[in-house]
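Input: a single structure, listed below in structure tokens.
The values are calculated or read from the model by the stated rules, or taken from the named source; none is laboratory data. All values reported here derive from a predicted model rather than from experimental measurement. Every residue, glycine as well, gets a Cβ built from its backbone with ideal geometry; the counts of neighbours run over all protein chains shown. Accessible surface areas use protein heavy atoms only, side chains included; no ligands, DNA or RNA. Shrake-Rupley method; radii C 1.70, N 1.55, O 1.52, S 1.80 Å.
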Amino acid sequence: MRTIRCHIDAPLAPGARVTLSDTASAHLLRVLRLRPGDPCVLFNGDRHDYPARLLSTAGKRAECEVLERIAVDNESPLQIELAQGIARGEKMDLILQKATELGVAAFHPLFTERTEVRLDAERSDKRLQHWRGVIASACEQSGRAFLPTLHPPRTLAAFLADQTDDGTLRLTLDPQGSERLATLTAAGRQRLVILIGPEGGLGERDRQLAAQAGFVGLRLGPRILRTETAGLAALAALQSRVGDLA
């Protein structure tokens, strides 16, 4: 029997009664057709799961009782952050979803030289809310009890200005890059940042700025990868080489 997990943006503790959001309630009641007494697992991103049982299905919003608190230890020993040039529509959703499944610790959505997506303040807030939902759903599916940090969208220049010489390994994907997986060194639990361009890749000015900020090219292979493939391939390779499976 599969475990039904549900993200809750609220404090959780054994014995607490929690009213689920409209979206979570609809998923549990109308999609999964749970009934009073059925089990589920709640989590709020504090690295714990909270087994619970459904109390009430009256109305549109379900109520659950938290039964216990269980520590979850399935995070990667390598803190990988993905600095992603904002991609169009469903491509960005795919990147966020799969990178969360692969254990990314944080996302930095970036406007780069070749970014085609334009967001004003209102659209940016709506997009952030949508992206948070994508990340939470990916955590529900993958068993993570920690939600990757989602930073607000900003320019590549602003992001690079915040990079400090703190020992972090900073990488871009480059078929001619100087770094290779076979010789890559990254101590356990070290912070690592991967910079990926949008559709069309990073422009020449972007590459120069990144190099000045300490980013070096990582060679995964001789082929050029699409924006929705590049970060995920790098994450999987790095987790295998120096992260989860090392």
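Name the residue, out of A136, A158, that is in a helix (DSSP H, G or I) and closer than 22 Å to Q208 by Cβ.
A158
Which residue is least open to solvent (accessible area, probe 1.4 Å), if the candidates are limited to the stretch 103-113 and must be in contact with a Pro (Cβ under 8 Å, 6 or more places away or on another chain) and part of a loop (DSSP other than H, G, I, E, B)?
Per the stated criteria, the residue is V104.
Only residues that are modelled with pLDDT under 90 and more than 19 Å from L209 (Cα to Cα): list them for the stretch 103-125, please.
Passing the criteria: E116, V117, R118, L119, D120, A121, E122, R123, S124, D125.
Pull up the stretch 4-19, narrow it to residues that are without any contact (Cβ under 8 Å) to a residue 60 or more places away in the chain and within 23 Å of the chain's Cα centre (by Cα), then point me to the one that is surrounded by the most Cβ atoms within 10 Å (Cβ to Cβ).
Taking the stretch 4-19 first, the residues without any contact (Cβ under 8 Å) to a residue 60 or more places away in the chain are 4, 8-19.
Adding the requirement that they be within 23 Å of the chain's Cα centre (by Cα) leaves 4, 8-12.
Values: I4: 17, I8: 20, D9: 11, A10: 11, P11: 9, L12: 18.
Across the stretch 4-19, the extreme among qualifying residues is I8.
Count, please, the residues in the stretch 168-186 that happen to be farther than 13 Å from G217 by Cβ and either in a loop (DSSP other than H, G, I, E, B) or open to solvent by less than 50 Å² (accessible area, probe 1.4 Å) (or both).
3
I'm checking my understanding of the structure. Among residues of the stretch 45-64 that are under 13 Å from C6 (Cβ atoms) and open to solvent by less than 40 Å² (accessible area, probe 1.4 Å), which one is modelled with the lowest pLDDT?
Top of the filtered list is A62.
Of all the residues that make up the stretch 138-147, how many are surrounded by fewer than 17 Cβ atoms within 10 Å (Cβ to Cβ) and over 14 Å from V104 (Cβ atoms)?
Selection size over the stretch 138-147: 2.
I'm told G214 meets every condition in (1) on the phi < 0 side of the Ramachandran plot; (2) surrounded by 12 or more Cβ atoms within 10 Å (Cβ to Cβ); (3) free of Cβ contacts under 8 Å to residues at least 60 places away in the same chain except one. Can you identify the failing condition by its number?
Looking at each condition in turn, G214 falls short on (1).
Please tell me if T100 is in contact with a Gly (Cβ under 8 Å, 6 or more places away or on another chain) and either outside any loop (DSSP other than H, G, I, E, B) or open to solvent by less than 20 Å² (accessible area, probe 1.4 Å) (or both).
No.
Restricting attention to the stretch 43-94, which residues are hydrophobic (A, V, I, L, M, F, W, C), touching a helix residue (DSSP H, G or I) at 6+ places or on another chain (Cβ under 8 Å) and more than 30 Å from R114 (Cβ to Cβ)?
F43, L54, A62
Can you tell me which of R219, R223 is basic (K, R) and in contact with a Gly (Cβ under 7 Å, 6 or more places away or on another chain)?
R219
Which residues, counting only those in the stretch 148-167, are open to solvent by 20 Å² or more (accessible area, probe 1.4 Å) and within 19 Å of G231 (Cα to Cα)? Don't jump to the end; show me each part of the working.
Our first condition is that a residue be open to solvent by 20 Å² or more (accessible area, probe 1.4 Å); within the stretch 148-167, this holds for 149-155, 157-158, 161-167.
Across the stretch 148-167, the qualifying residues are T149, L150, H151, P152, P153, R154, T155.
Would you tally the residues in the stretch 65-94 being open to solvent by 70 Å² or more (accessible area, probe 1.4 Å), acidic (D, E) and either within 30 Å of P14 (Cβ to Cβ) or touching a Lys or Arg at 6+ places or on another chain (Cβ under 6 Å) (or both)?
Summing the residues that are open to solvent by 70 Å² or more (accessible area, probe 1.4 Å), acidic (D, E) and either within 30 Å of P14 (Cβ to Cβ) or touching a Lys or Arg at 6+ places or on another chain (Cβ under 6 Å) (or both) in the stretch 65-94 gives 2.
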